[in-house]
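The next block holds one structure in the form of structure tokens; read it before the comments.
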Amino acid sequence: MSRFQSERFSRLEAYVPGEQPRDRKYIKLNTNESPYPPSEAVLDAVRAAAGALNLYCDPTALRLRRAAAEVYGVGPDRILPVNGSDEILDFAFMAFCDRRTAVAYPETSYGFYSVLADLHGIEKREIPLKDGFSVDPRDYLGLHCTIVIANPNAPTGIALEPSGIEEILNANRDSVVIVDEAYVDFGARSVLPLTEKYDNLLVTRTFSKSHSLAGARLGFGIGDPALIADLTAVKDSTNPYNVNAMTQAAGIAAFEENGYYADNCRKVARTRDRTARALSALGFELTDSAANFLFVRHPKIPGGELYAKLRERGILVRHFSKPSIAEYNRITVGTPEQMETLLGALEDILSEHRAAGDAARYGR
Ligand SMILES: *Cc1c(COP(=O)(O)O)cnc(C)c1O
């Protein structure tokens with residue numbers, strides 16, 4: 001910290017993203033990226049857009065909004081493209097929370113919510129999960145504050161039905177309810193259609209997980225035109241050109257080939273379910289994940305130790321030190337080949353662990 005840091009940020013604890021090490025080649029199963037590359041048309045579109053990088057991009061991202069409108073089935077005035085969905089969360093916390101309006105979210109969820117609340121000096125209401133890490137909509141009725149729910153939730157992968165979210169929307173008509181659908185394309189049901197019915201619903205989407213564009217940074221806020229206008233005012237007051245020209249072009253091309261990405265998501269979902277069965281057979285306990293990751297613990301090996309042993313073998317997964325989930329690891333679903341390698345490594349680790357236990361027990 002320098003001696004110049006503003007008092008406002010002097011106690012800020014920054015979000016710590018999953019590691020992106022460059023020291024060796026890892027099988028990266030730690031930040032929920034797609035294992036599949038962007039389509040050729042996306043790469044062509046990026047190359048074409050690069051030719052005009054001397055010019056500013058369209059600050060209204062009109063073509064991108066129109067392409068998104070086609071796929072999402074809502075009007076372009078209900079969509080705000082952003083520099084990764086973390087940015088729409090930031091805008092929403094600025095637009096819809098303040099000293100009087102707190103923010104509520106599940107106690108175990110995406111770590112960015114708490115960081116953003118601290119950044120903007122917003123009171124946090126962290127709502128405990130039920131046994132088995134589930135979110136109970138009845139804990140979110142009449143809260144009189146902004147609400148954020150990741151659906152499916154992270155890092156558990158557990159999804160709520162739209163009816164549960166509708167219950168929350170109805171019981172909080174005077175508050176904004178943000179539904180973070182970062183992982184919805186892997187099998188959960190979206191509440192996008194409800195944005196026409198509820199003027200207090202903001203849905204957020206990202207192309208980082210489902211559309212192979214984590215490095216391009218592209219996300220969306222979708223909701224009532226009045227909500228989108230508030231968010232756009234914040235966007236224009238912080239970074240009017242928030243989505244760069246190459247990313248806008250990549251997004252348009254990706255929407256035009258939505259089938260390719262939908263296929264990839266289905267492949268990932270099949271790989272997830274197969275991997276989940278194999279992990280259960282090895283004695284792992286898992287939550288019922290509808291996302292592109294699995295949240296797992298083994299009764300015999302502490303979470304931190306499993307993380308470290310996989311890392312030694314060149315496999316990166318995500319371990320969280322938060323005590324309530326420290327026994328778990330979050331494993332991104334990769335290609336079937338990557339999952340075979342993972343399962344092989346886990347078998348090795350488990351048998352080593354058993355051997356070490358036997359040696360200790362029999363004094364060898
Ligand atoms: C990954 C993730 C995001 C952010 O994704 P971006 O890369 O910023 O688009 C938002 N919410 C959840 C729950 C996530 O897991």
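So here's what we get for this one:
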quantity: Spatial separation of Cα centroids for the stretch 242-267 and the stretch 268-326, in angstrom; calculated: 29
quantity: Rounded to whole Hz, the Karplus (6.51, -1.76, 1.60) HN-Hα couplings of the stretch 30-41, x for glycine and proline; calculated: 10, 10, 6, 6, 6, x, 9, x, x, 5, 4, 4
quantity: Carbon and sulfur %, accessible surface of the stretch 69-164 computed with the full protein complex present, 1.4 Å; calculated: 45
quantity: Spatial separation of Cα centroids for the stretch 104-132 and the stretch 22-46, in angstrom; calculated: 29
quantity: Top of 48, 68, 159 by mean-square fluctuation, Gaussian network on the chain, Cα under 10 Å; calculated: 48
quantity: Most positive-pole-ward Cα, 265, 299, 334, against dipole of the stretch 225-357 from beta carbon charges; calculated: 299
quantity: Angle in degrees between helix 258-281 and the longest Cα principal axis of the chain, rounded to the nearest 10; calculated: 30
quantity: Gaussian network model of the chain, Cα within-10 Å springs - most flexible of 131, 174, 348; calculated: 131
quantity: About the Cα centre, charge dipole magnitude for the stretch 40-257 (Lys/Arg +1, Asp/Glu -1 at Cβ), debye; calculated: 240
quantity: The chain, dipole about Cα centre (Lys/Arg Cβ +1, Asp/Glu Cβ -1), debye to the nearest 20; calculated: 920
quantity: Under 13 Å, Cβ to Cβ, from residue 59 - net charge with Lys/Arg +1 and Asp/Glu -1; calculated: +1
quantity: Proximal lysines to residue 322, defined as alpha-carbon separation beneath 28 angstrom and excluding residues fewer than eight positions away on the same chain; calculated: 25, 28, 124, 130, 209, 300, 309
quantity: Packing-based order for 269-282, 14-27, using average beta carbon neighbours within 10 Å, highest first; calculated: 269-282, 14-27
quantity: Net charge of Cβ neighbours under 9 Å - reference residue 209; Lys, Arg +1; Asp, Glu -1; calculated: -2
quantity: Three semi-axes of the equivalent ellipsoid, the chain, Cα gyration tensor, whole Å, largest first; calculated: 35, 25, 21
quantity: Relative packing of 237-245, 72-80, 201-209, 330-338, which averages over residues the other C-beta atoms within 10 Å, highest first; calculated: 201-209, 330-338, 72-80, 237-245
quantity: Residue-normalised accessible area of the chain, given per residue in Å² at a 1.4 Å probe; calculated: 47
quantity: Proximal aspartates and glutamates to residue 197, defined as alpha-carbon separation beneath 16 angstrom and excluding residues fewer than eight positions away on the same chain; calculated: 77, 166, 167, 174, 224
quantity: Formal net charge of residues neighbouring residue 32 (Cβ-Cβ distance under 11 Å; K, R +1; D, E -1); calculated: +3
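The values are calculated or read from the model by the stated rules, or taken from the named source; none is laboratory data. From a predicted model like this one, the values you see are computed outputs, not experimental measurements. Positions of Cβ are generated from backbone atoms using ideal geometry, with glycine treated the same way; all protein chains shown enter the neighbour counts. All accessible areas refer to the heavy atoms of the entire protein, side chains included, with ligands and DNA or RNA removed. Shrake-Rupley method; radii C 1.70, N 1.55, O 1.52, S 1.80 Å.
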